[in-house]
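Read-outs throughout are calculated quantities, based only on the coordinates presented, and are distinct from any laboratory measurement. As the structure is a computational prediction, the values presented were derived from the model and not from experiment. Glycine gets a Cβ as well: all are built from the backbone with ideal geometry, and neighbour counts include every protein chain shown.
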Amino acid sequence: MSAPADHPPANDRPTPDRTTNNQLVDGYLLSAARAFAPLPPEHAAELLADLRDHIAAERAALDAETEADIRGILDRLGDPQLISAEARRGTGQVSAPPIPALPAYRDVHPPAPKSSKTWLWVAVVAVAALCALGTVLGVGLFTAAEQGPIADVPGAPPSAPSPASSAPTATPS
Amino acid sequence: MTSPELSTALRRGTLEFCVLALLEDGRRYGVELVRRLGAETTLTTSEGTLYPLLSRLRRAGWVTTTWQESPAGPPRRYYDLTPGGRAALTHFRTEWVAFRDSVDRIVKTEA
């Protein structure tokens, strides 16, 4: 007759401890699922799978798990709300380091030398002067047209009635 | 900025690169990465917060993961560094050293 086994397989039978432990884990994963609700569904599913597998891996590494063991695993994982906050912080893009890696902008793009700005101002003034000149000439021609038949400039409004020179403006009705 | 806020800001910028560095010499289990970094109390608040970080690295294409069936337990997830991740790590090293040296000089914590 063989002696009864001294060490029954640790994780095969639903001992009271293991049932409680499973409930603790399920409770944790449930609160995690709730905390991940605001996330995109694929992200939430991925995270839940990661947490589930993390817990399973940690439990598998234990010889005979106690409630204290399980609480330790879950405490180290931490509050699901914090995990959710961390997931929401990331936008799928990896963060850039918060360090001034680039040289100062002015070192790479020195300000334009003053001389080129001077030329710009000269050009602006020249254009303005031409516009002014053009206006003066236009006004001068218009005024001349008003004074006599000699300057019958196309486009200028008809001068004072002068049958010999002005073109008929009335349209036949 | 108070102390907890300052170390949070520093942590966020550097933790991802710490993960990349841990993968430099070869693949590691996810749980192993999480345990190793979770032990560094200045770097992490809880182990769980590392999983969103790992997801981000995966989505950025800096790491890839493979599931490996394990006879003695549940399937385990391995993480590998990609060439893009390697390049990012190299770049970070240059930036970090320059940054660290400047700060040390200015706040007089030079060795």
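Between region B:13-38 and region A:39-64, the alpha-carbon centres lie 17 Å apart. Averaging 1/r across all pairs of distinct Cα atoms in chain B and inverting the result yields a Kirkwood radius of 15.4 Å. Annotation: amide H-H contacts under 5 Å for B:ARG28 (H modelled 1.01 Å from N, sequence separation of 5 or more, or interchain): B:TYR79. Among residues other than A:GLY78 whose Cβ falls under 14 Å from its Cβ, what is the net charge (Lys/Arg +1, Asp/Glu -1)? Here the count lands on -3. Taking a ≥ b ≥ c as the square roots of the eigenvalues of the Cα gyration tensor, region A:13-63 is oblate, since a/c reaches 1.5 or more and a/b is not larger than b/c.
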